[in-house]
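Student: Sharing a structure below in C-alpha coordinates format, with a few things to ask.
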Amino acid sequence: MKIQHLLILSLILFFSNAHAQDITENSFGNGIINTVARDSSFSLRFGARFQSLFVNEWRDSEFEGFESESSNILIRRARLKFDGFAYSPKLKYKIELGLSNRDISGGSEFTNNTPRYILDAVLKWNFYENFVLWAGQTKLPGNRERVVSSGDLQFVDRSLLNSRFNIDRDIGVQLHHKIYLGNQFVVKEIFAFSQGEGRNVVTGNLGGFQYTGRLEALPFGEFQDYREASLERYDTPKLAMGVTYDHNNDAVKTRSNMGAYMFTENGLHSTDISTFFADFMFKYKGISVLGEFAHRDAENPIAIEEDGTRTGAVVNVGNSINLQGGYLFDNNIEVVGRFTQVKEDIIGSLFPNEKQYTLGLSKYLSKHKLKIQTDLSFRDSPDPEWNNLMYRLQIDFHL
(Lines give C-alpha, C1' and ligand atoms only; values in the text may rest on other atoms or scores of the structure.)
Protein backbone atom coordinates (compact mmCIF):
# COMPACT_ATOMS: atom_id res chain seq x y z
CA MET A 1 0.00 0.00 0.00
CA LYS A 2 1.37 3.39 -0.98
CA ILE A 3 2.02 5.76 1.88
CA GLN A 4 -0.49 8.27 0.44
CA HIS A 5 -3.20 5.60 0.70
CA LEU A 6 -2.15 4.78 4.25
CA LEU A 7 -2.44 8.42 5.29
CA ILE A 8 -5.86 8.80 3.66
CA LEU A 9 -7.09 5.62 5.39
CA SER A 10 -5.82 6.86 8.76
CA LEU A 11 -7.68 10.16 8.33
CA ILE A 12 -10.90 8.42 7.26
CA LEU A 13 -10.79 6.17 10.33
CA PHE A 14 -10.09 9.12 12.59
CA PHE A 15 -12.93 11.29 11.29
CA SER A 16 -15.40 8.39 11.21
CA ASN A 17 -14.68 7.75 14.89
CA ALA A 18 -14.90 11.46 15.65
CA HIS A 19 -18.36 11.61 14.01
CA ALA A 20 -19.61 9.03 16.51
CA GLN A 21 -18.82 11.50 19.33
CA ASP A 22 -16.96 8.92 21.41
CA ILE A 23 -15.71 10.18 24.75
CA THR A 24 -12.05 9.45 25.40
CA GLU A 25 -10.16 9.44 28.67
CA ASN A 26 -7.06 10.79 26.94
CA SER A 27 -5.98 14.28 27.91
CA PHE A 28 -4.71 16.96 25.53
CA GLY A 29 -1.17 16.34 24.32
CA ASN A 30 -1.13 12.59 25.03
CA GLY A 31 -2.21 11.44 21.58
CA ILE A 32 -5.47 11.11 19.66
CA ILE A 33 -5.54 7.36 20.30
CA ASN A 34 -3.94 5.74 23.34
CA THR A 35 -4.90 2.12 23.79
CA VAL A 36 -3.61 -1.22 25.11
CA ALA A 37 -4.79 -4.64 23.87
CA ARG A 38 -6.99 -6.61 26.25
CA ASP A 39 -4.37 -9.36 26.39
CA SER A 40 -1.54 -6.81 26.78
CA SER A 41 0.08 -8.03 23.56
CA PHE A 42 0.48 -4.51 22.12
CA SER A 43 -0.17 -0.84 22.73
CA LEU A 44 -0.69 2.08 20.36
CA ARG A 45 -0.50 5.82 20.79
CA PHE A 46 -1.27 7.93 17.74
CA GLY A 47 -0.67 11.68 17.72
CA ALA A 48 -0.35 14.59 15.33
CA ARG A 49 1.35 17.97 15.43
CA PHE A 50 2.11 20.97 13.27
CA GLN A 51 3.97 24.27 13.44
CA SER A 52 2.71 27.41 11.67
CA LEU A 53 5.58 29.82 11.06
CA PHE A 54 5.93 33.44 9.93
CA VAL A 55 9.42 34.68 8.96
CA ASN A 56 10.61 38.10 7.86
CA GLU A 57 14.23 38.97 7.00
CA TRP A 58 16.04 42.25 6.42
CA ARG A 59 19.36 42.44 4.55
CA ASP A 60 22.04 44.96 5.55
CA SER A 61 22.38 47.64 2.86
CA GLU A 62 25.61 49.62 2.65
CA PHE A 63 23.81 52.92 2.06
CA GLU A 64 20.32 52.59 3.54
CA GLY A 65 20.70 50.29 6.54
CA PHE A 66 18.54 47.19 6.82
CA GLU A 67 16.06 46.67 3.99
CA SER A 68 13.28 44.12 3.91
CA GLU A 69 14.46 41.16 1.86
CA SER A 70 11.83 38.45 2.20
CA SER A 71 8.85 37.26 4.18
CA ASN A 72 7.17 33.89 4.31
CA ILE A 73 4.26 32.14 6.00
CA LEU A 74 4.43 28.36 5.97
CA ILE A 75 3.69 25.10 7.74
CA ARG A 76 7.19 24.44 9.05
CA ARG A 77 6.43 20.93 10.25
CA ALA A 78 3.36 18.67 10.06
CA ARG A 79 3.73 15.15 11.40
CA LEU A 80 1.94 11.95 12.41
CA LYS A 81 3.43 9.91 15.24
CA PHE A 82 2.81 6.31 16.28
CA ASP A 83 4.46 4.56 19.21
CA GLY A 84 3.88 1.84 21.78
CA PHE A 85 4.99 -1.74 22.39
CA ALA A 86 4.44 -4.98 20.47
CA TYR A 87 4.39 -8.56 21.77
CA SER A 88 6.05 -7.47 25.04
CA PRO A 89 6.56 -4.15 26.89
CA LYS A 90 10.27 -4.80 26.35
CA LEU A 91 9.84 -4.38 22.57
CA LYS A 92 8.86 -0.80 21.76
CA TYR A 93 8.39 0.89 18.42
CA LYS A 94 8.16 4.39 17.00
CA ILE A 95 6.96 5.57 13.59
CA GLU A 96 6.97 9.25 12.62
CA LEU A 97 5.87 10.56 9.24
CA GLY A 98 6.48 14.06 7.89
CA LEU A 99 3.83 15.70 5.68
CA SER A 100 4.92 19.32 5.20
CA ASN A 101 6.98 20.35 2.18
CA ARG A 102 9.95 21.03 4.43
CA ASP A 103 9.57 17.56 5.99
CA ILE A 104 9.51 15.63 2.72
CA SER A 105 11.94 17.71 0.65
CA GLY A 106 15.25 16.31 -0.55
CA GLY A 107 13.99 13.62 -2.88
CA SER A 108 16.57 12.62 -5.51
CA GLU A 109 17.78 9.72 -7.60
CA PHE A 110 19.07 8.25 -4.33
CA THR A 111 15.53 8.12 -2.89
CA ASN A 112 13.92 6.92 -6.15
CA ASN A 113 12.93 10.56 -6.81
CA THR A 114 10.16 10.27 -4.22
CA PRO A 115 9.28 12.46 -1.21
CA ARG A 116 11.00 11.51 2.04
CA TYR A 117 7.91 10.83 4.18
CA ILE A 118 9.55 8.58 6.78
CA LEU A 119 11.35 10.31 9.64
CA ASP A 120 11.46 7.46 12.17
CA ALA A 121 10.74 3.76 11.84
CA VAL A 122 12.55 2.02 14.67
CA LEU A 123 12.23 -0.91 17.08
CA LYS A 124 13.70 -0.72 20.61
CA TRP A 125 14.34 -4.06 22.32
CA ASN A 126 15.24 -4.12 26.02
CA PHE A 127 16.86 -7.53 25.75
CA TYR A 128 18.79 -7.58 29.06
CA GLU A 129 18.69 -5.38 32.17
CA ASN A 130 19.68 -1.83 31.09
CA PHE A 131 20.72 -2.81 27.54
CA VAL A 132 18.41 -1.67 24.74
CA LEU A 133 19.00 -2.50 21.06
CA TRP A 134 17.54 -0.13 18.47
CA ALA A 135 17.07 -1.16 14.83
CA GLY A 136 15.72 0.94 11.98
CA GLN A 137 15.77 4.58 10.95
CA THR A 138 15.96 7.26 13.64
CA LYS A 139 18.12 10.07 15.00
CA LEU A 140 21.77 9.28 15.58
CA PRO A 141 23.12 10.09 19.07
CA GLY A 142 24.64 13.40 18.01
CA ASN A 143 24.52 16.84 19.61
CA ARG A 144 21.95 17.33 22.37
CA GLU A 145 20.09 20.11 20.59
CA ARG A 146 19.44 17.83 17.60
CA VAL A 147 18.22 14.90 19.67
CA VAL A 148 15.74 17.21 21.44
CA SER A 149 12.48 17.00 19.49
CA SER A 150 11.66 19.99 17.32
CA GLY A 151 8.46 20.22 19.38
CA ASP A 152 10.38 20.59 22.66
CA LEU A 153 12.55 23.62 21.81
CA GLN A 154 12.60 26.91 23.71
CA PHE A 155 13.30 28.86 20.50
CA VAL A 156 11.39 28.82 17.23
CA ASP A 157 14.08 26.53 15.79
CA ARG A 158 17.54 25.14 16.45
CA SER A 159 20.82 27.07 16.25
CA LEU A 160 23.34 27.55 13.43
CA LEU A 161 25.61 24.99 15.12
CA ASN A 162 22.96 22.37 14.54
CA SER A 163 22.18 23.38 10.95
CA ARG A 164 25.88 23.32 10.01
CA PHE A 165 27.21 20.29 11.87
CA ASN A 166 24.47 17.92 13.09
CA ILE A 167 24.38 14.28 11.93
CA ASP A 168 20.59 13.90 11.97
CA ARG A 169 18.88 10.60 11.07
CA ASP A 170 20.16 7.43 9.43
CA ILE A 171 19.30 3.75 9.18
CA GLY A 172 21.16 1.07 11.13
CA VAL A 173 21.44 -0.28 14.69
CA GLN A 174 22.15 1.37 18.04
CA LEU A 175 23.04 -0.09 21.44
CA HIS A 176 21.93 1.95 24.47
CA HIS A 177 23.01 1.24 28.04
CA LYS A 178 23.05 3.02 31.38
CA ILE A 179 24.52 2.34 34.81
CA TYR A 180 23.87 3.83 38.23
CA LEU A 181 26.81 4.87 40.40
CA GLY A 182 25.49 5.36 43.90
CA ASN A 183 22.04 6.77 44.60
CA GLN A 184 21.98 9.47 41.92
CA PHE A 185 24.91 9.42 39.51
CA VAL A 186 23.90 7.98 36.11
CA VAL A 187 26.18 7.17 33.16
CA LYS A 188 24.71 6.46 29.71
CA GLU A 189 26.53 4.97 26.72
CA ILE A 190 25.34 4.72 23.13
CA PHE A 191 26.99 3.13 20.10
CA ALA A 192 25.49 3.37 16.61
CA PHE A 193 26.36 1.69 13.32
CA SER A 194 24.59 3.16 10.28
CA GLN A 195 24.66 3.39 6.50
CA GLY A 196 26.13 6.90 6.52
CA GLU A 197 24.01 8.68 3.88
CA GLY A 198 20.97 9.91 5.77
CA ARG A 199 17.33 8.94 5.80
CA ASN A 200 15.24 7.25 3.09
CA VAL A 201 18.19 6.39 0.82
CA VAL A 202 17.35 3.30 -1.26
CA THR A 203 20.28 2.97 -3.67
CA GLY A 204 22.53 1.05 -1.31
CA ASN A 205 25.71 2.13 0.38
CA LEU A 206 27.64 4.52 -1.90
CA GLY A 207 30.54 5.20 0.46
CA GLY A 208 31.54 3.48 3.66
CA PHE A 209 29.64 3.12 6.92
CA GLN A 210 29.12 5.52 9.80
CA TYR A 211 30.13 4.86 13.41
CA THR A 212 28.88 6.97 16.32
CA GLY A 213 29.62 6.77 20.04
CA ARG A 214 28.15 8.92 22.81
CA LEU A 215 28.84 9.08 26.56
CA GLU A 216 26.70 11.01 29.04
CA ALA A 217 26.99 11.74 32.75
CA LEU A 218 24.14 12.90 34.99
CA PRO A 219 25.66 13.55 38.43
CA PHE A 220 22.41 14.63 40.13
CA GLY A 221 20.12 11.95 38.74
CA GLU A 222 17.97 11.64 35.64
CA PHE A 223 15.71 14.45 34.46
CA GLN A 224 14.19 15.87 31.27
CA ASP A 225 17.56 16.76 29.74
CA TYR A 226 16.25 16.27 26.21
CA ARG A 227 13.58 18.95 26.55
CA GLU A 228 14.42 22.62 26.60
CA ALA A 229 12.90 25.16 29.03
CA SER A 230 12.61 24.39 32.73
CA LEU A 231 8.92 23.53 32.69
CA GLU A 232 9.47 20.89 35.39
CA ARG A 233 10.79 23.54 37.84
CA TYR A 234 13.15 21.16 39.66
CA ASP A 235 13.71 22.02 43.34
CA THR A 236 17.32 20.79 43.16
CA PRO A 237 19.89 21.48 40.42
CA LYS A 238 19.97 19.00 37.52
CA LEU A 239 22.89 18.61 35.12
CA ALA A 240 23.63 16.42 32.09
CA MET A 241 26.96 16.40 30.25
CA GLY A 242 27.70 14.53 27.04
CA VAL A 243 30.32 13.93 24.36
CA THR A 244 29.87 12.34 20.93
CA TYR A 245 32.38 11.17 18.35
CA ASP A 246 31.18 10.28 14.86
CA HIS A 247 33.26 8.82 12.00
CA ASN A 248 31.76 8.51 8.52
CA ASN A 249 34.04 6.36 6.38
CA ASP A 250 34.27 7.34 2.69
CA ALA A 251 31.41 9.83 3.06
CA VAL A 252 30.00 11.19 -0.20
CA LYS A 253 28.06 14.19 1.18
CA THR A 254 29.27 17.65 2.18
CA ARG A 255 27.94 17.38 5.73
CA SER A 256 28.79 13.78 6.62
CA ASN A 257 25.44 12.00 6.12
CA MET A 258 23.72 15.28 5.17
CA GLY A 259 24.16 18.06 2.64
CA ALA A 260 24.76 17.69 -1.08
CA TYR A 261 26.35 14.74 -2.86
CA MET A 262 29.88 15.51 -4.06
CA PHE A 263 29.71 14.69 -7.77
CA THR A 264 32.73 14.55 -10.07
CA GLU A 265 33.03 13.63 -13.75
CA ASN A 266 34.01 10.09 -12.76
CA GLY A 267 31.45 9.50 -10.03
CA LEU A 268 31.26 10.63 -6.42
CA HIS A 269 34.05 12.16 -4.37
CA SER A 270 34.43 10.34 -1.06
CA THR A 271 36.40 11.16 2.07
CA ASP A 272 36.53 10.22 5.74
CA ILE A 273 34.65 12.78 7.85
CA SER A 274 34.84 12.97 11.65
CA THR A 275 32.59 15.05 13.89
CA PHE A 276 32.94 15.74 17.61
CA PHE A 277 30.34 17.21 19.97
CA ALA A 278 30.46 18.24 23.62
CA ASP A 279 27.35 19.58 25.35
CA PHE A 280 25.56 20.13 28.65
CA MET A 281 22.07 20.86 29.91
CA PHE A 282 21.39 22.51 33.29
CA LYS A 283 17.98 23.06 34.91
CA TYR A 284 17.01 24.49 38.28
CA LYS A 285 13.61 25.92 39.16
CA GLY A 286 12.81 28.34 36.28
CA ILE A 287 16.37 28.45 34.93
CA SER A 288 17.63 26.41 31.97
CA VAL A 289 21.01 26.59 30.23
CA LEU A 290 22.23 24.64 27.20
CA GLY A 291 25.79 24.73 25.86
CA GLU A 292 27.30 22.93 22.86
CA PHE A 293 30.58 22.70 20.98
CA ALA A 294 31.00 21.05 17.57
CA HIS A 295 34.09 20.30 15.48
CA ARG A 296 34.25 18.63 12.07
CA ASP A 297 37.26 17.54 10.02
CA ALA A 298 37.74 15.64 6.77
CA GLU A 299 40.71 13.85 5.18
CA ASN A 300 40.12 15.32 1.68
CA PRO A 301 37.46 18.02 2.11
CA ILE A 302 37.65 19.53 -1.40
CA ALA A 303 36.17 17.60 -4.32
CA ILE A 304 38.62 17.74 -7.28
CA GLU A 305 38.44 16.49 -10.85
CA GLU A 306 41.26 14.42 -12.38
CA ASP A 307 42.78 17.54 -13.95
CA GLY A 308 43.01 19.22 -10.53
CA THR A 309 40.11 21.65 -10.90
CA ARG A 310 37.61 22.05 -8.09
CA THR A 311 34.05 20.84 -8.59
CA GLY A 312 32.73 23.38 -6.09
CA ALA A 313 31.73 20.74 -3.55
CA VAL A 314 33.43 21.31 -0.18
CA VAL A 315 32.96 19.54 3.15
CA ASN A 316 32.04 22.16 5.75
CA VAL A 317 34.87 21.46 8.16
CA GLY A 318 35.30 23.82 11.11
CA ASN A 319 33.86 24.35 14.55
CA SER A 320 31.02 26.07 16.33
CA ILE A 321 29.82 26.99 19.80
CA ASN A 322 26.27 27.59 20.95
CA LEU A 323 25.19 28.90 24.36
CA GLN A 324 21.59 29.57 25.24
CA GLY A 325 19.52 30.02 28.35
CA GLY A 326 16.13 31.06 29.57
CA TYR A 327 14.08 31.93 32.62
CA LEU A 328 10.51 30.70 33.02
CA PHE A 329 8.20 32.96 35.02
CA ASP A 330 5.29 31.72 37.11
CA ASN A 331 2.83 32.66 34.34
CA ASN A 332 4.63 30.23 31.98
CA ILE A 333 6.18 33.00 29.92
CA GLU A 334 9.86 32.38 29.19
CA VAL A 335 12.51 34.89 28.15
CA VAL A 336 15.44 33.31 26.27
CA GLY A 337 18.75 34.37 24.75
CA ARG A 338 21.23 32.61 22.48
CA PHE A 339 24.71 33.22 21.09
CA THR A 340 26.12 31.06 18.28
CA GLN A 341 29.45 31.29 16.49
CA VAL A 342 30.46 29.29 13.41
CA LYS A 343 34.00 29.13 12.01
CA GLU A 344 34.71 27.42 8.70
CA ASP A 345 38.25 26.27 7.95
CA ILE A 346 38.18 26.21 4.13
CA ILE A 347 37.80 29.12 1.73
CA GLY A 348 34.94 28.31 -0.63
CA SER A 349 32.92 26.42 1.96
CA LEU A 350 29.18 26.87 1.60
CA PHE A 351 28.77 28.67 4.93
CA PRO A 352 30.69 31.83 5.91
CA ASN A 353 32.18 32.50 9.33
CA GLU A 354 29.51 34.22 11.35
CA LYS A 355 28.01 35.01 14.72
CA GLN A 356 24.33 35.07 15.53
CA TYR A 357 22.58 36.72 18.47
CA THR A 358 18.97 35.74 19.26
CA LEU A 359 16.40 36.99 21.78
CA GLY A 360 13.15 35.12 22.19
CA LEU A 361 9.87 34.99 24.06
CA SER A 362 7.63 31.97 24.59
CA LYS A 363 4.19 31.48 26.11
CA TYR A 364 3.51 27.88 27.15
CA LEU A 365 -0.26 27.32 27.21
CA SER A 366 0.06 23.57 27.76
CA LYS A 367 3.81 23.06 28.19
CA HIS A 368 5.39 22.14 24.82
CA LYS A 369 2.11 20.75 23.48
CA LEU A 370 0.57 24.17 22.83
CA LYS A 371 2.79 27.23 22.75
CA ILE A 372 3.45 30.50 20.96
CA GLN A 373 7.07 31.44 20.30
CA THR A 374 8.75 34.45 18.78
CA ASP A 375 12.37 35.50 18.37
CA LEU A 376 14.59 38.09 16.72
CA SER A 377 18.07 37.22 15.41
CA PHE A 378 20.98 39.32 14.17
CA ARG A 379 23.59 37.58 12.00
CA ASP A 380 27.03 39.20 12.03
CA SER A 381 29.31 38.12 9.17
CA PRO A 382 32.82 39.26 8.10
CA ASP A 383 31.18 40.26 4.82
CA PRO A 384 28.57 42.96 5.61
CA GLU A 385 26.46 41.78 2.67
CA TRP A 386 25.71 38.61 4.67
CA ASN A 387 24.49 40.55 7.73
CA ASN A 388 20.78 40.30 8.33
CA LEU A 389 17.95 40.56 10.84
CA MET A 390 15.39 37.79 11.10
CA TYR A 391 12.06 37.86 12.94
CA ARG A 392 10.03 34.68 13.48
CA LEU A 393 6.64 33.92 15.02
CA GLN A 394 5.42 30.34 15.45
CA ILE A 395 2.47 28.44 16.88
CA ASP A 396 3.22 24.87 17.97
CA PHE A 397 0.27 22.46 18.35
CA HIS A 398 0.37 18.80 19.46
CA LEU A 399 -2.52 16.37 19.91
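Student: In nm, what is the difference between 0.36 nm times the number of residues separating residue 222 and residue 187 and their Cα-Cα distance?
Tutor: 11.6 nm
Student: Shifting gears a bit: Taking square-rooted eigenvalues a ≥ b ≥ c of the alpha carbon gyration tensor, is region 41-125 rounded, prolate or oblate, where a/c under 1.5 means rounded and, failing that, a/b exceeding b/c means prolate?
Tutor: Prolate.
Student: Also: Take residue 278 and residue 71, extend 7 Å from each Cα along the Cα→Cβ direction, and tell me the distance between the two endpoints in nm.
Tutor: With each label placed 7 Å out from Cα toward Cβ, I get 4.4 nm.
Student: Further, regarding this structure: Spelling out what I want: for every residue of region 358-367, take phi, set θ = phi - 60°, compute 6.51 cos²θ - 1.76 cosθ + 1.60 (Karplus), and round to whole Hz; glycine and proline get x.
Tutor: Result, ordered by residue: 10, 10, x, 9, 10, 10, 9, 7, 9, 6 Hz.
Student: Right, something else. Looking at region 284-396, how many pairs of lysines come closer than 29 Å at the Cα, when each pair is eight or more places apart or spans two chains?
Tutor: So the count works out to 8.
Student: Oh, and also: Convert 4 °C to kelvin, take the viscosity as 1.567 mPa s, use the Kirkwood radius over C-alpha pairs of region 244-380 as Rh, and evaluate the Stokes-Einstein diffusion coefficient in µm²/s, rounded to a whole number.
Tutor: Using the Kirkwood radius from Cα pairs, D works out to 75 µm²/s.
Student: Another question about this same structure. Mean residue ellipticity at 222 nm from the helices of the chain, using -39,500 (n - 2.57) per DSSP H segment of n ≥ 4 over the full residue count, to the nearest 500 deg cm²/dmol?
Tutor: Calculated from helices alone, the mean residue ellipticity at 222 nm is -2000 deg cm²/dmol.
Student: Just the number please: accessible area per residue for the chain, 1.4 Å probe, all protein chains included, in Å².
Tutor: Here the residues of the chain average 50 Å² of exposed surface.
Student: For region 208-216, take each phi angle, set θ = phi - 60°, evaluate the Karplus expression 6.51 cos²θ - 1.76 cosθ + 1.60, and give the result in whole Hz per residue in order, putting x for glycine and proline.
Tutor: Result, ordered by residue: x, 10, 10, 10, 10, x, 9, 10, 10 Hz.
Student: When the Karplus curve 6.51 cos²θ - 1.76 cosθ + 1.60 is applied with θ = phi - 60°, which whole-Hz ³J(HN,Hα) does each residue of region 199-205 get, with x for Gly and Pro?
Tutor: 3J(HN,Hα) across region 199-205, in whole Hz: 8, 6, 6, 10, 8, x, 7.
Student: For residue 123 and residue 101, compute 0.36 nm times the residue count separating them, minus their Cα-Cα distance, and round to one decimal in nm.
Tutor: The span from residue 123 to residue 101 would gain 5.3 nm if fully extended.
Student: Could you tell me the calculated FRET efficiency between residue 203 and residue 149, based on Cβ-Cβ distance and R0 = 25 angstrom, to the nearest 0.05?
Tutor: 0.30
Student: If packing is taken as the mean number of other Cβ atoms within 10 Å per residue, what is the order of 94-104, 25-35, highest first?
Tutor: 94-104, 25-35
Student: In whole Å, largest first, what are the principal axis extents of the Cα atoms in the chain?
Tutor: Dimensions of the chain along the principal axes of its Cα atoms: 68, 52, 48 Å.
Student: Could you order peptides 360-367, 191-198, 230-237 by the average number of other Cβ atoms within 10 Å of their residues, highest first?
Tutor: Per-residue Cβ counts within 10 Å, averaged per peptide and sorted highest first, yield 191-198, 360-367, 230-237.
Student: Same structure, new question: Which of 107, 87, 376 sits farthest toward the positive end of the charge dipole of the chain, with +1 on the Cβ of Lys and Arg and -1 on the Cβ of Asp and Glu?
Tutor: 87
Student: Still on this structure, I have one more. Assigning unit charges at the beta carbon (Lys, Arg +1; Asp, Glu -1) and nothing else, what dipole magnitude in debye, to the nearest 20, does region 294-399 show about its Cα centre?
Tutor: The calculated dipole for region 294-399 is roughly 820 debye.
Student: Among 328-334, 132-138, how do they line up from the highest to the lowest mean number of other beta-carbon atoms within 10 Å?
Tutor: Result, highest mean Cβ count within 10 Å first: 132-138, 328-334.
Student: Equivalent ellipsoid semi-axes for region 316-399, as square roots of 5 times the alpha carbon gyration tensor eigenvalues: give them largest first, rounded to whole Å.
Tutor: So the equivalent ellipsoid measures 31, 12, 12 Å along its semi-axes.
Student: How big is the shadow of the Cα convex hull of region 214-284, averaged over all directions, in nm²?
Tutor: Mean projected area for region 214-284: 5.8 nm², to one decimal.
Student: Given a Förster radius of 51 Å and the C-beta distance between residue 232 and residue 307 as r, what FRET efficiency does 1/(1 + (r/R0)^6) yield to the nearest 0.05?
Tutor: 0.30
Student: May I ask which of 94/283; 139/178; 90/178; 139/188 have a Cα-Cα span longer than 25 Å here?
Tutor: 94/283
The values are calculated or read from the model by the stated rules, or taken from the named source; none is laboratory data. Since we're looking at a predicted model, the values are computed, not measured. We place every Cβ from the backbone using ideal geometry, glycine too, and count neighbours over all the protein chains shown. Ligands, DNA and RNA are stripped out before the accessible areas are found, and what is left, the full protein with its side chains, is counted by its heavy atoms. Shrake-Rupley method; radii C 1.70, N 1.55, O 1.52, S 1.80 Å.
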